[in-house]
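Notes follow the structure.
Readers should treat all values here as calculations from the given coordinates under stated rules, not as data from a laboratory. Computed from a prediction, not measured in an experiment: that's the story for all the values here. Counting neighbours? That spans all protein chains shown, and the Cβs are built from the backbone with ideal geometry, glycine included.
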Amino acid sequence: MKLSALDIGLIIAYLLTVTGLGLWASRGIKTSRDFFLAGKSIPWWAAGMSLVVSDIGAKDMIGLAGDGYRYGIVMMNFDFVGCILPVLLAAFLFMPFFWGSNVTTIPEYLGRRYNPSVRTFFAVVWSLFMLATVATILVSAAAMFEGLLGWSFWVSVGVTSILVGLFTASGGLRAVVVTEVFSCVVLIAGATLICVLGIREVGGVETLMARVSELSWTREHFELLPSSSHPAYPWPAVVLGLGIVLGPAYWIGNQAIVQRTLGASSEADARASYVFCAAIKLVFPILLVLPGLIALALFAEELGAPGEGWDANQVLPLMVKRLVPPGALGILMGAFIAGVMANLESYINSASTLLVTDLYRPFVRPRATDEECLALGRWLVVGLLLGGALFSYQVKTRFASVFEAFQTFLSFFQGALFALLLFGMLTRRATAEGGVAGMLVGVATAAVLTATGQLYLWTAFWSFVAASLTLVAVSLVTTRKGDEELRGLVCWIR
Amino acid sequence: MGIEPGALVVILLYAAALAVILVVSPKLVAPAAAPPPWWRNVRFWASLVAVAQMVVYAVWG
C-alpha cells in the first residue's frame, strides 16, 4: 500500500509537533529528580491523560482489535474490571499513601517495608518485564508497518527504536508526559475514526451484531462476562484473576503507572489524575475492541476462524488497508505512531528509573553523583531499546497476539507483588521474612502453572493466593517491625 | 431476565469501591480547609464513574 502525499504530510506534521513538544518540555532538566519525576510539576489532567496512554497504546490497538475478533466484547473487561475498579481504589486508598512515603519506585517502597532482598528481586523482575513489554510494543509497530507499508520486520523495529530513543533519552518524564497528552488526543481521534468508518461500511450496529452472530464460532462474542466454560475468559477467571489480582497489581504496583502520579504537583492532583484516567477509560475500551467486531462482520472469510498458527496481529492492519481513505490514513498512522511512542517512552523511562534507583545506586555506586545518574538514565534508554529490539522476534514467533504476550508476562509475578503490596500497606503484622517467603512461593506457583498451560488469569489468581497464605503464615511466627519503623509505610500509621 | 452471577459479583466489587471512596478514604486523607464545590470534588466524580460501571454490568453483564 502506498501513502498519498497528504498522508505523508500529516505523519510528518505529527512527528514535528511531537519533536517540538518534547524539546520544549525537556528544557531545564538538571537533576535526576527532574528526569525521573518531572520535578514533581505535572498537573492532574496531564498526569491523567498520561496514565491512559501509558496503559493503552500500540499493543492495545493491535492486540485488542485481534482479540476482539477472537473473543468479542469480553476484552472490554481489561478496562472495565481490570482498570477502572483498581484505579478508583488506588486513588483513594493507596496513592495518598505512596505520595506520603516519598518514594521514587515501587521496589524502593517494598525494600523499606520488608527488606532489601525484596527490593532487589522486584527491581530485577520489573526491569525484565519492561524489557519484554518494549519487545511487545515493537512487534505491534512492526505488524502495522509490515501490513500497511510492506516494510520488513527488522526495518520496522529499527526505525521505531531510533525514533523513540531520540525523544526519551533527551526529555525524561516531563517530555514523556507532554508528548503523551498530545498522543492521547490523537489516539482517541484515530480510534474513533476507524470505528466510524467501519460501522458505516457494515451498515450500522444492528447489522454488525447480526453478521457476527451468524458465524458458528461467535456464540459468546456479545457476552461481557462469558459462561464459566469459555475457553479463554470464563467469568470467574475474569473476576478473580483480572478484577482481584492482575488489575489492582498493574494499577497499584506498576512503576510506569505510579511514576506519573508521583510526578504530579500535589497529592490532590495525583488523586484527581487517577479519577480522570478512570473517566476516560469508560469509553476507550469500546473504541479498541469494536474494530475487531467490525473486522469480523466485514472480513471473516478473508481472516478466517482463529486456530493453530492464526495471527491476531493482522486484523487492524487489514482493516486500515481496506477501509481508510487517503488523508484519513495519515491521521490514523499518526494515531498509531502516537500509541507506539507513548507506550515505549513510558516503559523505557520507568525501566531506566528502576535500574538507576534500585540497582545502580544501592549496589554499583552508592556515592554516584546526580549528574552520573542522569547520564546513566539516558544511556539506559538506548540499552533498553536495543535489548527490546533483540527480544522482539521471540515475542513475534511465540505468541498469537501481542496482548496475550503482555498479559502472560504480567501474570508471572503480579500475584506475588500484589500480595506483598496489599499486606504490606494494610497490616502492621506482615514481616520481612513473611514478605520474602510469600514472594518466592508466589512466583514459583506462577512458574509451575504457566509451565502446565493454565490460563494466565488463573495463574495470576492462584499465585496471589499462594503468596498471601505463605506471607500470613510466616508473618505469624516471626517478629514484626516496630510502629516507628513502619511510620509512613503502613496506611494506618501516618 | 435477572442479573447473571458474574455481573452481580462485579457490581458488588464496585459497591465496595464506592464504600472506600465515600466512607474509608475521608479517614485516610487530611480534610481540605474548605470543602470544594461539587464540580471540583474528586470524590463526587469518582462515585459517578463507579455508579456508571454498576449500570453497565447491570444492563449488559
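Assorted remarks:
- Ranked for footprinting exposure by Cβ neighbours inside 10 Å, fewest first, A:Cys373, A:Cys491, A:Cys83 give A:Cys491, A:Cys373, A:Cys83.
- Length released on extending from A:Thr19 to A:Arg398, taking residue separation times 0.36 nm less the Cα-Cα span: 133.0 nm
- Whole-angstrom gap from the stretch A:389-455 to the stretch A:281-340, using each part's C-alpha centre: 30
- Going from the residue with the fewest nearby Cβ atoms within 10 Å to the one with the most, A:Ile8, A:Ile73 rank A:Ile8, A:Ile73.
- Each stretch of four or more DSSP H residues adds -39500 (n - 2.57); spread over every residue of chain B, this sum gives -19500 deg cm²/dmol at 222 nm.
- Three-way shape call for the stretch B:5-60 based on the alpha-carbon gyration tensor, with the a/c threshold at 1.5: oblate
- Mean Cβ neighbour count within 10 Å, used as a protection proxy, ranking A:207-216, A:193-202, A:114-123 highest first: A:114-123, A:193-202, A:207-216
- Computed label-point distance, nm, for sites B:Val23 and A:Leu386 using a 7 Å Cα→Cβ extension: 5.6
- Chain A, relative contact order in percent, only Cα pairs under 8 angstrom and at least six apart counted: 32
- Label-point separation, A:Thr369 to B:Val51 (7 Å along Cα→Cβ), nm: 5.8
- Between the beta carbons of B:Phe44 and A:Lys321, assuming R0 = 41 Å, the FRET efficiency works out to 0.35 to the nearest 0.05.
- FRET efficiency, 1/(1 + (r/R0)^6) with R0 45 Å, evaluated for A:Ser228 and A:Leu476 via beta carbons: 0.85
- Overall form of chain A per C-alpha gyration tensor (a/c, 1.5; a/b vs b/c): oblate
- Average beta-carbon neighbours from other chains, 10 Å sphere, peptide A:80-93: 6
- Total lysine pairs in chain A at Cα distances under 20 Å, for residues eight or more apart or on different chains: 5.
- About its Cα centre, the stretch A:5-395 has a charge dipole of approximately 1100 debye under the convention of +1 per Lys or Arg Cβ and -1 per Asp or Glu Cβ, with nothing else charged.
- Only Lys, Arg (+1) and Asp, Glu (-1) charged, at Cβ; the stretch A:412-494 dipole about Cα centre in debye: 160
- Computed over chain A, the per-residue total of -39500 (n - 2.57) for DSSP H runs of n ≥ 4 gives a 222 nm mean residue ellipticity of -23500 deg cm²/dmol, rounded to 500.
- Built amide H within the under 5 Å cut-off of A:Ala264, gap 5+: A:Ile42
- The distance between label points at B:Leu8 and A:Arg200 comes to 4.5 nm (points 7 Å beyond Cα on the Cα→Cβ vector).
- Charge dipole magnitude, Cβ of K and R +1, D and E -1 - the stretch A:185-324, Cα centre, debye nearest 20: 340
- Pairwise FRET efficiency - A:Leu3 versus A:Ile162, Cβ, R0 = 22 Å, nearest 0.05: 0.70
- Residues A:Ile56, A:Ile331, arranged from fewest to most other Cβ atoms within 10 angstrom of their Cβ, appear as A:Ile331, A:Ile56.
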